[in-house]
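Written out below as structure tokens is the structure these notes cover.
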């Protein structure tokens, strides 16, 4: 017993040291966000000579609208995208992983192909499409594609998870007389909870961090998302605004950290508590 | 289905011959009476959103870029068909080959490192310790920062002439200049950046570990298997679909690495093209030089390379990935 | 947990359908993409400039209640990325700033509307001769929103501490000698300057003094291999003599001002940069003056850089007057100037500058002084960068990397630079 508690303590120490090493850059950023902006790059120590909150105060209102507006916009797009991906990708993945039909391999290949092309050559035709539809300065170009299973990464992810589930599960349900929809709904979905949570986490965080799409589609400041707003804080020519950018970057990390802490708990509760009695 | 998870005999099967894991049911029973074609209709109902998305959102730009690959297109005047000229030009373009080299090195070095790191930490952070969710979140923090503008400044702070890394190396008497300005070191800082943001594959591994039925471990413990043995005979085989998934996803994303190199090098890919990732060069050609035809051609070459690498992965995967549905 | 998944999946999906519908409806409300008759105005900068211009646009709307303005803002890189996409989609803002390497690219793309004969465009503050200098290839299709010139900017605080003085007649050789000398002898371990051959404006001045142009009237690179080599050589001698910060120290060929601004005596800069740059080091005082000149400098080498803006050629006729009113406001409004200041350059309208002077900050006074000094010089014509030259500064950086890493000789690098730029222009 003593040996095992000792080994546990050792593991904790090792982990804490490792965590500190990993997040050192973030700690430096945190400290810097409390320094006067002009000292951040000239006095780089971890212990500031002077502490100020002005970066937070200035950053909050720097773009003529309170920063909460951009947090709200990002939240809206994040939640909308999560819903869209959960809905559309799970349907697609189930069909591709479990249903027998001639085109399934072709479709999967096609899906994978869409993530292999760098988006810089796709973005202009896509922009033209959405501009023609008059959807610039709306969230439609950012959200609609999520409801149409265009995030192939998650389709692939869910396909892999479904394929790792024993077939016997469906077969048992099928013997009980369940059709594909019942099996999807009552057997597969509950069992793929870890995959759904993973999709939720990644979709939320990736859309939260997405920069290029919102930059192009949202030109009005009131519609900006967090990354576009953050980029607007720093003047690329003069490097001014680093302090406010750090402050607002850290502030905007808070919602996604909370989201992650909350969501990752559900990864734990996968198959162990569901399906199999 | 209970038979699978509770029988002692399952554990032995997994341990012994993973390729044959799971009861291989007579195929006929798995299919509804209508046979293969019968599920086609149902499948397409499930696939409806995907098909609409494919036709309405994805296909257009995809085809457009394929067509543009054979044109001279400066974004301003209508594209001019030039046949294979773009591809011929690539062969003689030094910077193209520099980008190919940089990207290949990056894929081959950073993907295994990042995945190994992620798998290791996922297993460590899986269970058996208090405060695991706290650790997980802390380790995930760097990934949350993503390709944010802040990264550019942080990386300069760490790898700059008077940065943290040189400070530490100084204790050992090593005197180096800024890593980001040294063509032989700059790429390694981006590999470190990629490994540092290992959170996504780690989360996928964690989720995969949760998929492994607890009963299998119990069964093998009854068999007297130790921790290490259980890891190699149960965890790893049953995790192979997820390892494969991560491998494919991270490989694709490494081939397409853009944001971090763009941010850290200020878009130049320097010094001396040592961080000129393939997609960064595509971006430069398309968005800086308004040379979208060439950029599209490069993108399709990349697609073919990634597709080949992925296909190779799929073929090789038959030898080492074990699905529960086989 | 299975309950959570099943039930929440249903609710979430339902919510999803609803929220998309709601957003789709929201999307139908007036957007900035021009459908509602507002004038789309696009500019770049940091958050300070964004706020200043938003306030200025409010002032404009107060003056012209019938005109609505939809602002489109981004930092310099984001602005260009967005503009490129919009340009390809022909969905361009009605009035927009033009990034310097893109002036002729945009013109060749037909983005500019001819401004001759638009009634609402008030060019009254400019003399006919001055308006002639605004034209591109004879056409009045862009206007300068602000102007600046290359300068030498020094740290007065260091200058006094170390007891150095700059001679009245500053030549390139004299400056080099002074910088080498300073780097050897100052007590603070400072360098004379940053490694700065990347600076485009002093480079252009250097070329003009040799009788060369950076860009020619017919859209080619005007710099000769010798000219480029002489420029790089001037810097290399300084660098090798230890008179500049190293590339590693200044974090790249393009020096990071925040990192080395307080480690050097002087730098090259644009005349407007002092406004923002000085703020990074509040304990130091900076001043600026005309760039050095060779004793045999060609006549008329001085030049004023026009930072331009334009009206999109696709602006419908019924909105041209409104867009022109906005352009006039940018050119002539004292209120706008008092809000945005001189950080992006001095106004080309000299009367406006005079009116602003009493309100100018001390650093802005220095901008005004040099602007007037340059305005009084003889200036031969200057031509804009042709299409395809957009990445010339990146090409310069790469050759400079080769040189500073010891992989290429200066003449080879200069020849490679000229060849690469000519290649890009020919390919465009």
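Some values worked out for this structure:
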{"read-out": "Test result for residue C:219, in the same structural domain as residue C:186 (by TED's automatic domain parsing), touching a helix residue (DSSP H, G or I) at 6+ places or on another chain (Cβ under 6 Å), under 30 Å from residue C:415 (Cα atoms) and in a loop (DSSP other than H, G, I, E, B)", "value": "no"}
{"read-out": "Wholly enclosed helices (runs of 4 or more DSSP H) of the range B:233-326 bearing at least 2 residues within 21 Å of residue A:97 (Cβ to Cβ)", "value": "B:236-255, B:292-320"}
{"read-out": "Filter result (at pLDDT 90 or above, more than 7 Å from chain C (Cβ to nearest Cβ) and under 30 Å from residue C:259 (Cβ atoms)) within the range A:212-224", "value": "A:224"}
{"read-out": "Residue in the range B:174-193 that is part of a loop (DSSP other than H, G, I, E, B), surrounded by 15 or more Cβ atoms within 10 Å (Cβ to Cβ), away from chain C (no Cβ under 14 Å) and at pLDDT 85 or above present", "value": "no"}
{"read-out": "Yes/no for residue A:30 being away from chain C (no Cβ under 14 Å), within 18 Å of residue B:196 (Cβ to Cβ) and in contact (Cβ under 8 Å) with a residue 24 or more places away in the chain", "value": "yes"}
{"read-out": "Residue count for the range A:162-182, restricted to those that are in contact (Cβ under 8 Å) with a residue 40 or more places away in the chain and closer than 23 Å to residue B:48 by Cα", "value": "4"}
{"read-out": "Conditions (1) out of contact with any helix residue (DSSP H, G or I) (no Cβ under 8 Å at 6 or more places or on another chain); (2) in the same structural domain as residue A:200 (by TED's automatic domain parsing): number failed by residue A:99", "value": "(1)"}
{"read-out": "Residue identified as at pLDDT below 90 and within 14 Å of chain A (Cβ to nearest Cβ) among B:17, B:69, B:30", "value": "B:30"}
{"read-out": "Unmet requirement for residue B:83, which otherwise passes all of (1) surrounded by fewer than 17 Cβ atoms within 10 Å (Cβ to Cβ); (2) touching a residue at least 40 places away in the same chain (Cβ under 8 Å)", "value": "(2)"}
{"read-out": "Single condition residue A:195 does not satisfy, out of (1) modelled with pLDDT of 85 or more; (2) assigned to a helix (DSSP H, G or I); (3) surrounded by fewer than 24 Cβ atoms within 10 Å (Cβ to Cβ)", "value": "(3)"}
{"read-out": "Spans of helices (runs of 4 or more DSSP H) in the range B:83-172 with at least 3 residues within 17 Å of the chain's Cα centre (by Cα)", "value": "B:94-124, B:132-145"}
{"read-out": "Qualifying positions in the range A:140-169 - over 18 Å from residue A:195 (Cα atoms) and either more than 7 Å from every other protein chain (Cβ to nearest Cβ) or at pLDDT 90 or above (or both)", "value": "A:140, A:141, A:142, A:143, A:144, A:145, A:148"}
{"read-out": "Residue list for the range B:291-304, filter: surrounded by fewer than 23 Cβ atoms within 10 Å (Cβ to Cβ) and more than 9 Å from chain A (Cβ to nearest Cβ)", "value": "B:301"}
{"read-out": "Residue within the range C:78-89 that is more than 23 Å from the chain's Cα centre (by Cα), in contact (Cβ under 8 Å) with a residue 24 or more places away in the chain and either within 14 Å of chain B (Cβ to nearest Cβ) or farther than 29 Å from residue A:230 by Cβ (or both) present", "value": "no"}
{"read-out": "Residue A:172 vs. criteria facing chain B (nearest Cβ under 8 Å), in a helix (DSSP H, G or I) and surrounded by fewer than 24 Cβ atoms within 10 Å (Cβ to Cβ)", "value": "yes"}
{"read-out": "Matching residues, the range C:250-273, being surrounded by fewer than 21 Cβ atoms within 10 Å (Cβ to Cβ) and within 20 Å of residue C:170 (Cα to Cα)", "value": "none"}
{"read-out": "Tally of residues being within 16 Å of residue C:47 (Cβ to Cβ) and assigned to a helix (DSSP H, G or I) across the range A:35-67", "value": "10"}
{"read-out": "Unmet criterion (only one of (1) surrounded by fewer than 19 Cβ atoms within 10 Å (Cβ to Cβ); (2) in a loop (DSSP other than H, G, I, E, B)) for residue C:247", "value": "(1)"}
{"read-out": "Extreme residue, farthest from the chain's Cα centre (by Cα), among residues of the range C:171-188 that are part of a loop (DSSP other than H, G, I, E, B) and loosely packed, with under 14 Cβ neighbours inside 10 Å", "value": "C:187"}
{"read-out": "Lone qualifier among A:238, A:207, A:274 - being more than 7 Å from every other protein chain (Cβ to nearest Cβ) and either buried (at least 21 other Cβ atoms within 10 Å of the Cβ) or modelled with pLDDT under 85 (or both)", "value": "A:207"}
{"read-out": "Members of the range C:131-147 that are outside any strand (DSSP E or B), touching a helix residue (DSSP H, G or I) at 6+ places or on another chain (Cβ under 9 Å) and under 28 Å from residue C:341 (Cβ atoms)", "value": "C:140, C:141"}
{"read-out": "Number of positions in the range C:148-170 that are outside any loop (DSSP other than H, G, I, E, B) and in contact (Cβ under 8 Å) with a residue 40 or more places away in the chain", "value": "12"}
{"read-out": "Failed criterion for residue A:120 (all others in (1) at the interface with another protein chain (Cβ under 7 Å from one of its Cβ atoms); (2) under 28 Å from residue B:45 (Cα atoms); (3) surrounded by 23 or more Cβ atoms within 10 Å (Cβ to Cβ) hold)", "value": "(2)"}
{"read-out": "In the range C:372-414, the residues that are at positive phi and surrounded by 23 or more Cβ atoms within 10 Å (Cβ to Cβ)", "value": "C:388"}
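The values are calculated or read from the model by the stated rules, or taken from the named source; none is laboratory data. The structure displayed is predicted, hence computed values, not measured ones. Note: ideal-geometry Cβ built from the backbone for every residue, glycine included; neighbour counts use all protein chains shown.
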